[in-house]
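The values are calculated or read from the model by the stated rules, or taken from the named source; none is laboratory data. Since this is a predicted model, take the numbers as computed values, not measurements. Cβ coordinates were reconstructed from backbone atoms using ideal geometry, including for glycine residues, and neighbour counts include every protein chain displayed. Heads up: the accessible areas ignore ligands, DNA and RNA and are worked out on the full protein's heavy atoms, side chains in. Shrake-Rupley method; radii C 1.70, N 1.55, O 1.52, S 1.80 Å.
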Amino acid sequence: MSDAPVKEETSAMEQQIAVQSDLLNQRHPLRRPWTLWYLDDRRNVGWLERLHEVSTVDTIEDFWELVMEVRPASRLASTCDYNLFRDQIQPVWEVEENKRGGRWLINIERNRHPETIDIIWTELLVAMVGEQFGEDSEHVCGVVCNIRNKGSKISVWTHDASAEEVNVRIGQRIKKVLLEAELPSYVKGPLFDTMRYEVHDDVQQKNSSQIRSKLVISSTAE
């Protein structure tokens with residue numbers, strides 16, 4: 001008896017397995033590369049010596065692998081930062097892409113649930129790499145998470161502080177992302193009360209704890 005049908009069936013199974021293997025190994029490219037930077041908590045060295053380039057990702061799969069592998073923001077030591085910036089932009093004010101810009105700032109009070117900062121951070125990371133800012137994506141440089149004992153901060157940095165209409169749209173998109181986030185029952189929403197837009201030059205030259213806000217967005221206002 002001929003065993004040709006068995007061979008044909010085996011060949012079809014092998015082809016199916018090969019296709020499934022290819023699908024599992026596929027990488028879905030991001031529109032641009034994104035780099036995660038980490039600022040350690042050493043006090044006895046300069047700021048740039050504390051800054052470390054962790055990894056650059058350019059696919060969806062690599063992005064999620066990175067998110068799952070690094071320590072959650074809420075578990076970083078005080079004075080540590082995470083920074084995710086596009087196209088190899090360094091997370092410092094002085095570089096060309098940032099020096100005329102500003103930031104949408106979200107303050108996270110100490111009495112909030114610790115995982116609140118992880119939710120905000122992850123939601124904004126996904127918005128960044130997913131290009132959810134549409135036509136304004138080129139104005140978004142990156143996102144910064146500052147862990148501090150007195151209250152942590154997360155900020156989205158934009159390229160041009162004078163582009164008010166663009167920055168308002170970016171702020172409204174941040175608001176939408178955070179208000180539509182699915183929250184576990186132990187994290188009480190909204191994730192922020194008020195976001196304030198600050199110009200980098202004003203932050204650098206501040207001589208008090210109060211910095212003038214150029215723009216303000218409330219979580220409750222339409």
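Take the conditions of a type outside the set (Ser, Thr, Tyr) and closer than 21 Å to Pro29 by Cβ and apply them to Val126. Does it pass?
Numbers: of a type outside the set (Ser, Thr, Tyr): yes; closer than 21 Å to Pro29 by Cβ: yes.
For Val126, the condition - of a type outside the set (Ser, Thr, Tyr) and closer than 21 Å to Pro29 by Cβ - is met.
Looking only at the range 91-129, which residues are buried (at least 19 other Cβ atoms within 10 Å of the Cβ) and either over 14 Å from the mean Cα position of the chain (by Cα) or assigned to a strand (DSSP E or B) (or both)?
Of everything in the range 91-129, those that are buried (at least 19 other Cβ atoms within 10 Å of the Cβ) and either over 14 Å from the mean Cα position of the chain (by Cα) or assigned to a strand (DSSP E or B) (or both) turn out to be Asn98, Gly101, Gly102, Arg103, Trp104, Leu105, Ile106, Ile108, Thr116.
Look through the range 130-142, keep the residues that are small (Gly, Ala, Ser) and not in a helix (DSSP H, G or I), and return whichever of them is most open to solvent (accessible area, probe 1.4 Å).
The initial filter retains those residues of the range 130-142 that are small (Gly, Ala, Ser), namely 130, 134, 137, 142.
Right, trim to not in a helix (DSSP H, G or I) and you get 130, 142.
Values: Gly130: 47, Gly142: 0 Å².
Restricting to residues being small (Gly, Ala, Ser) and not in a helix (DSSP H, G or I), the top hit is Gly130.
Any idea how many residues of the range 41-89 are touching a residue at least 40 places away in the same chain (Cβ under 8 Å), outside any helix (DSSP H, G or I) and either more than 21 Å from Ala127 (Cβ to Cβ) or of a type in the set (A, V, I, L, M, F, W, C) (or both)?
Residues that pass the stated criteria total 10.
Please state which one of Gly134, Gly130 is at negative phi, small (Gly, Ala, Ser) and out of contact with any Cys (no Cβ under 7 Å at 6 or more places or on another chain). Give the steps one after another, and end with the answer.
On the way: Gly134 fails: at negative phi.
Checking each option against the conditions leaves just Gly130.
For the range 209-220, state whether one or more residues are modelled with pLDDT under 95, of a type in the set (Lys, Arg) and touching a helix residue (DSSP H, G or I) at 6+ places or on another chain (Cβ under 7 Å).
Within the range 209-220, one or more residues are modelled with pLDDT under 95, of a type in the set (Lys, Arg) and touching a helix residue (DSSP H, G or I) at 6+ places or on another chain (Cβ under 7 Å).
Being touching a residue at least 60 places away in the same chain (Cβ under 8 Å) and either surrounded by 18 or more Cβ atoms within 10 Å (Cβ to Cβ) or among the basic types (Lys, Arg) (or both): is that true of Lys150 here?
Values: touching a residue at least 60 places away in the same chain (Cβ under 8 Å): no; either surrounded by 18 or more Cβ atoms within 10 Å (Cβ to Cβ) or among the basic types (Lys, Arg) (or both): yes.
So Lys150 fails the test.
Determine whether the range 19-28 contains at least one residue that is open to solvent by 30 Å² or more (accessible area, probe 1.4 Å), among the polar types (S, T, N, Q) and at pLDDT 95 or above.
The initial filter retains those residues of the range 19-28 that are open to solvent by 30 Å² or more (accessible area, probe 1.4 Å), namely 19-28.
From the residues that got through so far, the ones that are among the polar types (S, T, N, Q) too are 20-21, 25-26.
Next, only the ones that are at pLDDT 95 or above stay: none.
Within the range 19-28, none of the residues are open to solvent by 30 Å² or more (accessible area, probe 1.4 Å), among the polar types (S, T, N, Q) and at pLDDT 95 or above.
Just give me the residues in the range 163-180 being touching a Gly at 6+ places or on another chain (Cβ under 9 Å) and either among the polar types (S, T, N, Q) or at pLDDT below 95 (or both), in sequence order.
Asn167
Please work out which one of (1) open to solvent by 20 Å² or more (accessible area, probe 1.4 Å); (2) touching a helix residue (DSSP H, G or I) at 6+ places or on another chain (Cβ under 6 Å) is the condition Val177 fails and give its number.
Of (1) open to solvent by 20 Å² or more (accessible area, probe 1.4 Å); (2) touching a helix residue (DSSP H, G or I) at 6+ places or on another chain (Cβ under 6 Å), only one is false for Val177: (1).
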